[in-house]
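Notes for the one structure printed next.
The values are calculated or read from the model by the stated rules, or taken from the named source; none is laboratory data. What you see is a predicted model, and the numbers here were worked out from it, not measured in a lab. Methodologically, a virtual Cβ is constructed for each residue, glycine included, from the backbone with ideal geometry; neighbour enumeration extends over all protein chains shown.
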C-alpha cells in the first residue's frame, strides 16, 4: 500500500488502492487529488483513491428494451460510463424521454422505435450506430417478453411461436447484423438477457418463456466459440426476480410478491439498477476474459431450497 495522501472528491463513486490502478484510472486519481481540498489532513490515515467511472468511454452501444426496467437502467448507466448509445424499444415517447435524460446528464444517445422481431429493425439499429457514432462496440440485446402463460396444453401454437420470435429469434437477428460491425472493428461485446427459469429452476405455466430464454444460452455459447478468436465476446445475463413491469405481471399481488421474494436466498428481488451493473461488467473490459458464460445475477434463487 502506498504512503501518499488520500484523495477525496464529491464526484467520486469508487475507491481503490492507488497501486491497483491502470494508467487510465490513475489519470482519474490525479484529477481527484486536485479536488480533495481541506479534507486531506483530517483523513490522512485512509488509503483510498478516486477512480472516475468511465469504463465505456469512447464505446458505442445498442440497448434494446430500453424504455423501461433493466434496459432503461442499463442505458442510463452505460451513458454515465461514457458510452454513446442507440436505444431501442416499441414505445417512442418513452425512448424520447430517456434520450433527453441522458442528454441533460451530458451524454449522447439516439433512439429508434420498432419491433425486435423484424430483421430490418435489427439492421437499422446497427446502421444508426455506425452512421451517427461511427462504430459498434457493445450490444445489450435485452428486449423480451413473458409471452404465453398457462398450462402447456392450453397454449396456442401462434402464441408459442410469438414468444420464441420475441425472445430467441430476435436475438439471432440482432447478432446476425451486430457481429459484422464488431468483427470489422476487431472487438465487441454482445449480451443477451436470459433467465434462471428453465436453466437452474422452473416455474409453472411459463413453458414458452423458459424454452425461449434457455435457447438464448445455447445461442450465446455457439456464437462465443465462433468469434472468440476475433476479439468479440458473447455472454448471457440471467437475472433473478427484478422489480420491472414484466416482473410485476407475475408478482401482481402482495401474496405473489412475497412468494417470489421467498424463492430467493436473499429474500428480496433486485432493482433494475443492480442487474444493469452486471450488464456493465459484461459490456466493459472488466470481463475481458469472459465469453460464452451464463452469468447468474439471481439473488441466490438458483441455489436456494426452502
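Computed values, structure above
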{"item": "Residue satisfying all of: in the stretch 198-241; in a strand (DSSP E or B) and surrounded by 23 or more Cβ atoms within 10 Å (Cβ to Cβ); farthest from the chain's Cα centre (by Cα) among these", "result": "232"}
{"item": "Yes/no for residue 84 being in contact (Cβ under 8 Å) with a residue 24 or more places away in the chain and over 13 Å from residue 280 (Cα atoms)", "result": "yes"}
{"item": "Lone unmet requirement of (1) touching a residue at least 60 places away in the same chain (Cβ under 8 Å); (2) farther than 18 Å from residue 147 by Cβ; (3) assigned by TED's automatic domain parsing to the domain that holds residue 183; (4) over 14 Å from the mean Cα position of the chain (by Cα) for residue 302", "result": "(3)"}
{"item": "Some residue of the stretch 193-209 being modelled with pLDDT under 95 and under 27 Å from residue 83 (Cα atoms)", "result": "yes"}
{"item": "Residue check for residue 235: at pLDDT below 95 and under 27 Å from residue 89 (Cβ atoms)", "result": "no"}
{"item": "Tally of residues being within 13 Å of residue 117 (Cβ to Cβ), more than 19 Å from the chain's Cα centre (by Cα) and touching a residue at least 12 places away in the same chain (Cβ under 8 Å) across the stretch 139-168", "result": "5"}
{"item": "Criterion (under 15 Å from residue 193 (Cα atoms), assigned by TED's automatic domain parsing to the domain that holds residue 223 and either in contact with a helix residue (DSSP H, G or I) (Cβ under 6 Å, 6 or more places away or on another chain) or surrounded by 15 or more Cβ atoms within 10 Å (Cβ to Cβ) (or both)) met by exactly one of 269, 275", "result": "275"}
